[in-house]
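Enquirer: Submitted below is the structure of interest, expressed as structure tokens.
The values are calculated or read from the model by the stated rules, or taken from the named source; none is laboratory data. Just so it is clear, the model here is predicted, and its values are computed rather than measured. A quick note on method: Cβ atoms are made from the backbone with ideal geometry, for glycine too, and the neighbour counts reach across all protein chains shown.
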Amino acid sequence: MRNRPGPNNRVHRATKDAAMKILRDGFRNATGRYLTNREWSGVWVSDRPLDNSEGSSGDALLQITIADDLLAAFEWVEEGKPYREWLVPAAVLNDAGTVRLLDESADYRSTDQ
């Protein structure tokens, strides 16, 4: 059975260079306003691979295996959005998550198929 996003698997899209740095050194927080009036910091992860139209870019996909209860406080809920996403402090992902590079074509199948 293939590993793919599921109950304890989340994904993060990055460039190949950034993905290699993450695998070597761990995640680092990014800071932005993210369509709000204040600054937020963390690492965006989702329950399925996102693309440019959903605000994510890069040619590499990382899978993070982490307990759902550790992510609960960081979920960004938006009505009508067809996926779930979290802005998680890098320290949480680095301390409690296991990260691996996915071969998107071989390792990921949409649950809609």
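Enquirer: Check Val11, Val88 and return the single one that is surrounded by 11 or more Cβ atoms within 10 Å (Cβ to Cβ), farther than 12 Å from Leu101 by Cα and at pLDDT 90 or above.
Expert: Exactly one of Val11, Val88 is surrounded by 11 or more Cβ atoms within 10 Å (Cβ to Cβ), farther than 12 Å from Leu101 by Cα and at pLDDT 90 or above, namely Val88.
Results for (1) aromatic (Phe, Trp, Tyr); (2) modelled with pLDDT under 95; (3) part of a loop (DSSP other than H, G, I, E, B); (4) more than 18 Å from Ala90 (Cβ to Cβ), shown as yes or no for each residue.
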{"site": "Arg2", "(1), (2), (3), (4)": "no, yes, yes, yes"}
{"site": "Val43", "(1), (2), (3), (4)": "no, no, no, no"}
{"site": "Ser53", "(1), (2), (3), (4)": "no, yes, no, yes"}
{"site": "Ser57", "(1), (2), (3), (4)": "no, yes, yes, yes"}
{"site": "Glu78", "(1), (2), (3), (4)": "no, yes, yes, yes"}
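Enquirer: Now, a different point. Considering only the stretch 32-62, state which residues are more than 12 Å from Trp76 (Cβ to Cβ) and of a type in the set (Phe, Trp, Tyr).
Expert: none
Enquirer: Just need a number here: residues in the stretch 59-72 that are surrounded by 13 or more Cβ atoms within 10 Å (Cβ to Cβ) and either part of a loop (DSSP other than H, G, I, E, B) or among the small types (Gly, Ala, Ser) (or both).
Expert: The number of residues fulfilling the criteria is 2.
Enquirer: When both residues are 6+ apart or on different chains and their Cβ atoms are under 9 Å apart, which pairs have a first residue that lies in the stretch 45-56 and is within 7 Å of Arg10 (Cα to Cα), and a second that is part of a helix (DSSP H, G or I) and of a type in the set (Asp, Glu)?
Expert: Ser46/Glu54
Enquirer: Moving on. Of the residues that sit in the stretch 14-43 and are of a type in the set (Gly, Ala, Ser) and touching a residue at least 24 places away in the same chain (Cβ under 8 Å), which one is surrounded by the fewest Cβ atoms within 10 Å (Cβ to Cβ)?
Expert: Ser41
Enquirer: Related question: In the stretch 78-97, what residues are more than 12 Å from the chain's Cα centre (by Cα) and aliphatic (A, V, I, L, M)?
Expert: Answer for the stretch 78-97, where residues must be more than 12 Å from the chain's Cα centre (by Cα) and aliphatic (A, V, I, L, M): Ala91, Val92, Ala96.
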